[in-house]
Amino acid sequence: MIVDHPNTENVIAVLACLESCRAYEAWMQSFSTKIEDNDELYVHGDFELVQDATASLSFVSLRRIDEFLSDRKKRLSTDLRYYDFKVKKLDILCDDNSVLTDRERQLVNIFEAHLTSFGQADVDELTELFSALKRTIGIRSRLKAELEKLLK
């Protein structure tokens with residue numbers, strides 16, 4: 001039950017972003033396995049379109065959570081940060097310094113904000129980003145639990 005809380009809408013926005021980190025995982029686990037090779041999604045190329053879209057949503061959402069849990073200066077006054085919610089960053093990150101490494105952050109920025117040629121190296125780099133999604137499950141779970149407390 002959501003009670004009157006000064007940051008209720010913002011808490012819900014961060015929780016929605018956390019959920020969006022799961023877009024690719026949800027696609028792969030719940031939907032893609034149920035599609036047959038002769039399905040219309042394959043025939044018209046929509047399978048790859050949805051797969052790529054859910055991966056992009058997951059990567060961008062993870063990048064947003066990385067920014068949310070950072071100490072970097074806010075670029076906009078409306079940017080949300082963990083300290084706006086009195087969330088203890090160290091309790092969320094535990095032994096990690098940040099959600100994403102500098103390299104992972106750069107890869108998200110490149111893949112999601114730049115139109116570049118695609119080669120084998122990109123496959124390896126995408127694999128790194130998928131690994132980052134898996135690696136951050138604990139961080140995302142702890143953040144979700146802390147934010148949900150604010151809604152009680």
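The values are calculated or read from the model by the stated rules, or taken from the named source; none is laboratory data. Being a predicted model, the structure only gives us computed values, none of them experimental. Positions of Cβ are backbone-derived with ideal geometry, glycine not excepted, and every protein chain shown enters the neighbour counts.
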Original post:
Is region 80-90 home to any residue that is over 22 Å from residue 12 (Cα atoms), part of a helix (DSSP H, G or I) and aliphatic (A, V, I, L, M)?
Top reply: no
Original post:
Within region 132-152, how many residues are free of Cβ contacts under 8 Å to residues at least 24 places away in the same chain and farther than 16 Å from residue 65 by Cβ?
Top reply: 1
**OP:** Taking residue 130 as meeting all but one of (1) surrounded by fewer than 20 Cβ atoms within 10 Å (Cβ to Cβ); (2) more than 25 Å from residue 29 (Cα to Cα); (3) aromatic (Phe, Trp, Tyr), write down the number of the exception.
**Re:** (2)
Subject >> Candidate set from region 112-152 (those that are more than 12 Å from the chain's Cα centre (by Cα) and outside any helix (DSSP H, G or I)); member that is modelled with the highest pLDDT >> reply: 151
**OP:** Among the candidates 106, 51, single out the residue that is modelled with pLDDT of 85 or more, part of a helix (DSSP H, G or I) and farther than 19 Å from residue 17 by Cα.
**Re:** 106
**OP:** Please list, ordered by first then second residue, the pairs with beta carbon atoms under 6 Å, 6 or more apart or interchain, first in region 82-94 and touching a residue at least 12 places away in the same chain (Cβ under 8 Å), second surrounded by 12 or more Cβ atoms within 10 Å (Cβ to Cβ) and charged (D, E, K, R).
**Re:** 82/89; 87/146; 92/142
